[in-house]
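Structure record follows, encoded as structure tokens.
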Amino acid sequence: MTPDIIKLIDQEFGPAFSSRTPEDLKEYGKDWTKVHDPDPLIICFPQSTDEVSRLLKLCNQHGIAVVPSGGRTGLSGGAVAAKKEVVISFEKMRKIGAVDELAQTLWCEAGAVTEAVHLAAKTHGLTWPINFASSGSSTVGGNIATNAGGVKVIRYGLTRNWVLGLTVVLMNGEILKLNGSLEKNNTGVDFRQIFIGTEGVYGVVTEAILKLAPLPKESEVFLFALKDLAKVFELFKTVRRVNFTVNAYECLSDECLHVVLKHRKLASPFSDSHPYYVLVEAEKPVDENWLQGLFDSGLVEDAVQAQSPKEAQNLWAMREGIGESLAATGLMHKHDIALPIARLQEFIENWTRDLKTQYSGIMPYIFGHIGDGNLHVNLMKPASMDVPEFRRICTQVDQNLFAWIQKYEGSVSAEHGIGLLKKHLLCYTRTPEEIAIMMKMKTVFDPKGLLNPGKIF
Ligand code: MLT
Ligand code: ZN
């Protein structure tokens, strides 16, 4: 018989610790995906690692499943609670400690918002260089659990590069303090990495010591217009050879630009349309000869250079606003894939050719962190097609897409994670042996299988 966990939580922590209002159940049981209806049992708001530990221990004793929930900006259903789970919100664990200027580190709790961490570090001339459109709502715990990527990976790498220490709570309530603030610590298994990017299935991150970087120097932002995909990669080759620091190399197709301009009511920076655009952010001073060479060689068709921080922000909005604008425009079928950069152009050409031949009515919206080999491929439901038909076609399109990904040794999830949504795709990128090991590891950390169940595998 299922024990009355609600009563037990109330007895242990008092009534203010949790909520069961319909609004909260709906809000805290979901992320940005709209595929599964949230249906959690109760939402808990611990204020410390100790409270998380006591809560997990209680749920473990009574066989109750738990879902950790950060800023709920995920795109793979990794934080969705759809089966009467206990949700742990980190909303009351947002503390950010003092910046250690000597070590260039900062301690914070899992619920600290990414942007708040940036602000805390900025006053010391430092930054936590993990950055994306959802920085205003995503949390450090969520970023760590998903090994978040974003728009600056080409310069700084992924979240895992910027985490020194972790406090993790296991399902039985055990608290692990991993690595402290050590930069170097060669003493066997680096347990931190087991909890980074594994979407909370092995343990719950409650605190972190983040590694900071010097604030980047003032930058220039360019938006280049290009006549075809080949030019996107030719331009990237020139960027690989420049003698200044490139912070971002982001690509968007004309279809994406149109959707974002319409949704955000922005004016196009170009008088004509072009098949592709590339946003380059680079530290000043940018080599004028490089810039001039792009025009002299006919590599770029047109370009705008932001003349002020406001203009730079507007150019960035045209790239960072795509996901939100597509979601507001229609029903999307989203993919977040990675390919070896050297094979990405050939992959896109082959796959889009297949798509056009098989399903000419379905338009691919292509954008992403092309400099990292990370492409966001979104398919939008045509207005004339009903939802079941669209889903059916997407399933077929996916088979072809994943066959190409496998052929080119790519990944079915570059940065959004696997969660609930991409579980069935894991086998295209990971071998059965690897998946079996992941599952065996689960039995070590969470033998009853109660922590974020159903996610990843
Ligand atoms: C982005 O790079 O804008 C995202 O990861 C969001 C998305 O794919 O919707
Ligand atoms: Zn992205």
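Based on alpha-carbon atoms, the Kirkwood radius and the radius of gyration of segment 93-134 give Rg/Rh equal to 0.94.
If the limit is 21 Å between Cα atoms, which of Lys30/Lys83; Lys83/Lys455; Lys211/Lys334; Lys34/Lys442 go over it? Kindly include the intermediate steps, with their values, before the conclusion.
Numbers: Lys30/Lys83 12 Å; Lys83/Lys455 12 Å; Lys211/Lys334 32 Å; Lys34/Lys442 27 Å.
As for pairs spanning more than 21 Å Cα to Cα, those are Lys211/Lys334; Lys34/Lys442.
Using alpha carbons only, the radius of gyration of segment 339-457 set against its Kirkwood radius gives Rg/Rh = 1.03.
Size of segment 278-354 from its Cα atoms: along the principal axes, largest to smallest, the extents are 40, 31, 21 Å.
Would you mind getting me the FRET efficiency between Leu176 and Asp37? Use the beta-carbon distance for r and R0 = 41 Å, nearest 0.05. Efficiency, rounded to the nearest 0.05: 0.75.
Spin-label model, Thr443/Asp10: points 7 Å from Cα along the beta carbon direction are separated by 3.9 nm. Taking Lys and Arg as +1 and Asp and Glu as -1, the other residues whose beta-carbon sits under 13 Å from that of Ala112 total -1.
Please identify the longest segment of the chain free of exposed GluC sites (Glu not before Pro), where exposed means a DSSP state other than H, G, I, E or B and no more than 12 other Cβ atoms within 10 Å.
Values: sites that count: Glu101, Glu183, Glu218, Glu409.
The answer is 219-408.
A Cα-only calculation for segment 1-126 places Rg and Dmax at 16.5, 56 Å. Between Lys227 and Lys284, the FRET efficiency from the beta-carbon distance, with R0 = 30 Å, is close to 0.60.
Listed from fewest to most Cβ neighbours within 10 Å, the set Ser137, Ser219, Ser360, Ser69 follows the order Ser360, Ser137, Ser219, Ser69.
Rank these for me by crowding, Cys394, Cys256, going from fewest to most other beta carbons within 10 Å. Write out the running numbers ahead of the final one.
Numbers: Cys394 18, Cys256 25.
Result, fewest neighbours first: Cys394, Cys256.
Can you give me the Kirkwood hydrodynamic radius for the chain, using every pair of distinct Cα atoms, in Å to one decimal?
23.3 Å
Here the scattering of segment 333-405 is modelled by Debye summation over its C-alpha atoms, one equal scatterer each and no solvent; at q = 0.12, 0.17, 0.22 Å⁻¹ the log10 of I(q)/I(0) is -0.31, -0.61, -0.98.
Subtracting the Cα-Cα distance of Glu433 and Lys122 from 0.36 nm times their residue separation leaves 107.5 nm of extension gain.
Take the Kirkwood radius over Cα pairs of segment 2-70, plug it into Stokes-Einstein at 37 °C and 0.692 mPa s, and you get 257 µm²/s for translational diffusion.
Less than 14 Å Cβ to Cβ from Ala16, Lys/Arg counted +1 and Asp/Glu -1: what total charge do the surrounding residues give?
Values: positive: Arg20, Lys92; negative: Asp10, Glu12, Asp24, Glu51, Glu91.
Spelling it out: positives minus negatives among the neighbours equals -3.
Taking 0.36 nm per residue of sequence separation and removing the Cα-Cα distance, the Gln307/Glu389 pair yields an extension gain of 24.8 nm. How high is the relative contact order of segment 139-289? Use alpha-carbon pairs under 8 Å, at least six apart in sequence, and give a whole percent. Taking the mean separation of contacting Cα pairs over the length of segment 139-289, I get 26 percent. Our summary gives segment 312-414 a relative contact order of 38 percent, counting only alpha carbon pairs under 8 angstrom and 6 or more residues apart. Against the compact-protein benchmark of 2.2 N^0.38 Å, the Cα-based radius of gyration of segment 173-319 scales to 1.42.
In nm², what is the average projected area of the convex hull enclosing the Cα atoms of segment 38-85?
On the way: hull surface 14.3 nm².
Hull-based average projected area comes out at 3.6 nm².
Of all the Cα-Cα pairs you can form in segment 391-457, what percent are over 13 Å apart? Tail of P(r) above 13 Å: 69 percent of Cα pairs.
Taking segment 357-391 and a reference point 7 angstrom along Cα→Cβ of Arg240, the backbone N atoms nearer than 18 Å belong to 369-375.
Residues Arg54, Arg241, ranked from the fewest to the most other C-beta atoms within 10 Å, line up as Arg241, Arg54. The trypsin sites (Lys or Arg not before Pro) of segment 257-300 meeting both criteria, a DSSP state outside H, G, I, E and B (loop) and at most 12 other C-beta atoms within 10 angstrom of the site's C-beta, are Lys265.
Can you give the relative contact order of the chain as a percent, counting alpha carbon pairs under 8 Å and 6+ residues apart? Please report the intermediate quantities before stating the final value.
On the way: 911 pairs, mean separation 71.2, N = 457.
Over the chain, the number comes to 16 percent.
So, in Å, what gap is there between the alpha-carbon centers of segment 211-266 and segment 351-383? If we compute the Cα centre of each part, the gap is 19 Å. Couplings 3J(HN,Hα) for segment 140-156, derived from phi with the Karplus relation 6.51 cos²θ - 1.76 cosθ + 1.60 (θ = phi - 60°), are 4, x, x, 4, 5, 4, 9, 6, 4, x, x, 8, 10, 4, 4, 8, 10 Hz, where x marks Gly and Pro. Summing +1 for each Lys or Arg and -1 for each Asp or Glu among the other residues whose beta-carbon sits under 13 angstrom from that of Leu315 gives -2.
Can you give the FRET efficiency to the nearest 0.05 for Ser271 and Asn400, using r as the Cβ-Cβ distance and R₀ = 45 Å? FRET efficiency, Ser271 to Asn400: 0.75.
Each reported figure results from applying straightforward, stated rules to the coordinates on display, with no laboratory input. None of these values were measured; they are calculated from a predicted model. Here Cβ is always computed from backbone atoms with ideal geometry, including for glycine, and neighbour counts include all displayed protein chains.
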